[in-house]
Amino acid sequence: MYTLSVYRTGSSSWLLPYLLVILFFSYSGRGSSYSETQYAGLEALYNATGGDQRWTVSSGWQDVVLGVCGGWYGVVCDDSGENVTGLSLAGNGLTGNLTNAVEFFQLLSLEEIDLSDNKLMGALPSGFGLMPNLKVLDLSRNEFSSFPSSWGSGASSLQHLSVRQNNLSG
Amino acid sequence: MMTPPMQCRTLPASWLDDVKSSSSSSTSHTLVHSKQVSSWLPELRTLALGSNNITMTVYRALQSVITLPSLQSLDLSDNVLSGTLEGSFELYYCAGGSLDDCDSAELKTGASTVAVLLLASNFIEGGLEKVDTLPRSLSVFTISDNLLHGPVPEEISQLSVFFAGEIYMGTMGSIIYRYICFSSF
C-alpha cells in the first residue's frame with residue numbers, strides 16, 4: 001500500500017498530478033517500465049493518427065489514472081490486466097502515417113491488431129515485424145502505398161496479414 | 001471440344017467464404033529455401049493483397065511470395081498482374097547462401113504449401129495447359145476475369161474449386177465456356 005504525505009508548504013497543487021502518476025505506476029504490477037512503454041506507444045499512435053481531431057471514438061485515451069487497460073476504447077488487455085494484447089480500432093477515423101509513431105512499435109505484447117477501414121497512408125511500416133507476438137494484422141481498406149521488403153528482425157509470428165483494398169503498387 | 005468433368009455442379013452463393021474458412025491443413029512438403037526468404041514472415045498462413053494496384057507480371061508476384069514456408073492462402077485478386085502463368089510455380093531453391101551468388105539451384109516443382117490461390121480480375125494471359133506445375137497442395141484456384149485462352153486441361157479437376165469464368169477455345173475461334181467445377185466438395 002502506497003502512502004501519500006502531502007506537506008503544506010505554500011501552494012502544493014502542483015504536486016498532485018505528479019503524485020497521481022506515481023500512484024498509477026506503482027499499482028502497475030509487472031513493473032513500471034513496460035507500463036510506461038505501453039502508455040507511450042499508444043500515445044504515439046493517438047498523436048500520429050489524429051486522435052484529438054479525427055478519431056470517431058476515443059473514450060478513455062490518454063487517461064493516465066484509468067491506465068491503458070482501464071477501458072481505453074478499442075484496447076484489449078490480457079487476463080492479468082497489465083499487458084495490451086489487442087487493438088480494435090476499425091473504422092474509427094484514424095488518419096495519417098504510422099511511420100511517425102516510433103514508440104508504437106515497442107508494444108511488444110500486441111497479438112491482434114485491427115486498424116482496417118481507416119485513412120492510414122504511406123509505406124506499410126516494417127515495424128510491425130518487431131512485435132514478436134503479433135499473429136493477426138488487419139490493415140485492409142486504408143491507403144497504404146508500398147509494401148516493405150523485409151519485416152523487422154524476422155522474429156515475426158504473424159499468421160494472418162490483410163492489406164486488401166489499399167493503394168499498393170509495383 | 002472441351003467438356004467439363006462429369007461431377008461439375010453449380011456453386012452455392014457464399015462458397016468462397018465457406019471454402020476459405022475450411023481449407024487448409026498444411027501439407028508435408030519439405031522446403032529448401034534461400035536465406036533471403038526463410039527469415040521473412042515464417043509463420044504467415046494468410047496473405048490478402050486483393051484490390052490494390054499491384055502492377056507486375058504474375059510470374060514475379062507469385063515467385064516473390066509463394067516461397068513463404070507456411071503460406072496457405074494467397075489473395076492477389078483485383079490487381080494489375082500481367083503476363084502468363086508459365087513457370088510461376090517452378091521454384092528454384094539454393095542450398096545455401098543468398099540468391100545472388102547461388103552455386104547450384106535445385107528445381108522443386110509443386111513444392112509450395114499454398115492451398116487457396118485467388119487470381120481473379122487481373123490481366124493474366126496465355127493458357128492453362130501446363131497444369132503439372134500447379135502446386136500439389138492447391139485445392140482452390142480462381143482465375144476468372146483475366147485474359148486467358150486455350151483449352152482447360154482435364155487435370156484441373158484435381159482441384160476442389162476451380163473458378164475460371166469464361167474460357168475461350170483458341171483454335172475454335174471464340175467459343176465461350178463458363179463453368180464452375182467441383183471435383184470433391
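Does A:ALA44 satisfy being out of contact with any strand residue (DSSP E or B) (no Cβ under 9 Å at 6 or more places or on another chain), surrounded by 15 or more Cβ atoms within 10 Å (Cβ to Cβ), at pLDDT 95 or above and not charged (D, E, K, R)? Judged against the criteria, A:ALA44 is a match. Between A:PHE128, A:PHE104, A:PHE144, the distinction of being closer than 21 Å to B:ALA61 by Cα and among the aromatic types (Phe, Trp, Tyr) belongs to A:PHE144 only.
The values are calculated or read from the model by the stated rules, or taken from the named source; none is laboratory data. Please read all numbers here as calculations on a predicted model, not as lab measurements. Glycine gets a Cβ as well: all are built from the backbone with ideal geometry, and neighbour counts include every protein chain shown.
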